[in-house]
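Have a look at the structure below before the remarks.
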Amino acid sequence: MKSFPIVSWLLKWCGIGAWVGLLSGLASAGFLWLLEVATRQRGETPWLLYFLPLAGAGIGWLYHHHGKEAAGGNNLLLERIHDPSESVPFRMAPLILFTTIVTHLFGGSAGREGTAVQMGGSLADLAVIPLKLSADDRRLLLMAGIAAGFGSVFGTPIAGAIFGIEVIKGAPIRWNAVVPSLMASFVGDFACRATGIQHLLLPRGFDWEVRPTVILWSLLAGVVFAVASMGFVELAHRLGRFGTNAKGSYWIRPAAGGLVIIGLTLAVGDQGYNGLSLPLILRSFSAESLPLYGFLLKLLFTAVTLGAGFKGGEVTPLFCIGALIGNAFAAVTHQSTVLFSALGFVAVFSAAANTPVACVALGMELFGPQIALPLAVVCFVGGWASGKGGIYPAQYPLLRTFF
């Protein structure tokens, strides 16, 4: 193969990408199954919510004494990509898996992408230790792991591959990461689906006319979605820093956060805003009248949960927040509920993660190509309006000290 270096390179990275994708996809499948079991159990025994403070204290104790660098989560993966001289601790995978399931079982409002991405990155780094890759190759490997985790947990392999590349900021685009990221994301998605895992079914085949008024409303909606994402990011970061220097804060803060979630749940009167809130997401696509302030409740539930130190991802809650804002926006402006709920579903996360290209692909994979034009409008306008601050401070290494 020395005479054909490109062939050798392709074989190498297709093989590595496929291996990483297989491991990540199977891990995502196991995680999604456990998450479904935990969610169903909480629905059948709602009194588990009252043990959330104790669960939070346990999570805080576990990460304080055994987490070490793994506590960095998604930001640690991004840091390792910027500086791949050190490995990703394998303990990250089992820790994030266990603590995310505990968070959902007892009623915390969190997502799933963070868990899948961290498992993907951790397993990717572990899987190729015998190959003794160079620092640059390890950077590509971690990007492939992120792509596989994202693509497999949402069933969106194209968006997963783009996300693994686009989420890295502050450096030129690594075009040589396209092959391993694509391979890892597609194999991961296939492996996850092959186990029988069913992803959330969302409405497709939108019937809307390309009219200037729709595009104009999409421009305004993009700004609204960006403001919501900035509010979530700012609140979550502030809560995450609150009281961290106090003695015993590693268990007191999550325990206190659990008490706040209990109080919020009792005030609302049901557990619709706890966990993933998938039924609430589906309701937002209908013409059913929902509270205009519903997105604020989900934002508050999630910011308190993650800011207090519970584990999980931000993406699915951001999907829910965006869909609820889209529903409210459509009700106020008399636009299509299903269209603007779909736009909000994707755009709030796009603005929070600074990944508009990946999110346009995500929206097209989830809802169909018919909404490509307004989707691109809300994602890119939202990205411009939200600036560089986001849910992943390590995206921009030079800005980390400001968040």
*asked:* At a threshold of 8 angstrom on Cα-Cα distance, excluding pairs fewer than six apart, so keeping six or more, what relative contact order does the chain reach in percent?
replied: 23 percent
*Quick one: which residues, 5+ away or cross-chain, put their amide H under 5 Å from the amide H of Lys311? H built at 1.01 Å from N.*
Thr103
_Looking at the calculated P(r) for the range 212-402, what percent of the C-alpha pair distances fall above 19 Å?_
58 percent
*Provide the per-residue ³J(HN,Hα) series for the range 91-101, in order, calculated from phi with Karplus coefficients 6.51, -1.76, 1.60 and θ = phi - 60°, each as a whole number of Hz, with x at glycine and proline positions.*
4, 4, 5, x, 5, 5, 4, 5, 6, 5, 4
*Counting other C-beta atoms within 10 Å, which of Ile96, Ile16, Ile146, Ile325 has the fewest, and how do the rest follow?*
Ile16, Ile96, Ile325, Ile146
*Measuring from centroid to centroid over Cα atoms, what is the spacing of the range 7-35 and the range 122-191 in Å?*
9 Å
*asked:* Run the paramagnetic zone check for Ala385: 7 angstrom along Cα to Cβ, then residues of the range 323-342 with backbone nitrogen under 18 Å.
replied: 323-337, 339-342
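Sort Trp13, Trp384 by Cβ crowding within 10 Å, fewest neighbours at the top. It would help to have the intermediate numbers written out before the result.
Values: Trp13 23, Trp384 13.
Ranked by crowding around the Cβ, least crowded first: Trp384, Trp13.
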*Ranking Glu79, Glu234 by Cβ neighbours within 10 Å, fewest first, what do you get?*
Glu234, Glu79
*asked:* Only four residue types carry charge here, +1 at the Cβ of Lys and Arg and -1 at the Cβ of Asp and Glu. Report the dipole size of the range 5-194 about the Cα centre in Debye, rounded to the nearest 20.
replied: 100 debye
*Using just the C-alpha positions of the range 1-109 as equal point scatterers, what log10 of I(q)/I(0) does the Debye formula give at each q in 0.13, 0.14, 0.18, 0.20 1/Å?*
-0.67, -0.74, -1.01, -1.13
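Cα gyration tensor of the range 256-361, axes a ≥ b ≥ c as square roots of the eigenvalues: rounded (a/c below 1.5), prolate (a/b > b/c) or oblate?
Working: a/c = 2.48, a/b = 1.29, b/c = 1.92.
Here the range 256-361 falls in the oblate category.
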*Quick one: Debye curve from the C-alpha atoms of the range 76-128, no solvent, what's log10 I(q)/I(0) at q = 0.24 Å⁻¹?*
-0.88
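Given N residues in the chain, what is its alpha carbon radius of gyration divided by 2.2 N^0.38 Å?
Values: Rg = 20.2 Å, N = 403, 2.2 N^0.38 = 21.5 Å.
Normalised Cα radius of gyration, the chain: 0.94.
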*So if R0 is 41 Å, what FRET efficiency would Leu10 and Glu36 give, r being the distance between their Cβ atoms, rounded to the nearest 0.05?*
0.65
_Which residue fluctuates most in the GNM of the chain (Cα springs below 10 Å): Leu339, Leu290, Leu11?_
Leu11
*Long-range lysine pairs (8 or more apart or interchain), the chain, Cα under 16 Å*: 4
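How do 103-111, 133-141 rank on mean C-beta neighbours within 10 Å, highest first? Can you show the working numbers first?
On the way: 103-111: 27.0, 133-141: 18.1.
My ranking of the peptides, most packed first, is 103-111, 133-141.
No lab work stands behind these numbers, since they all come straight from the coordinates. None of these values were measured; they are calculated from a predicted model. A quick note on method: Cβ atoms are made from the backbone with ideal geometry, for glycine too, and the neighbour counts reach across all protein chains shown.
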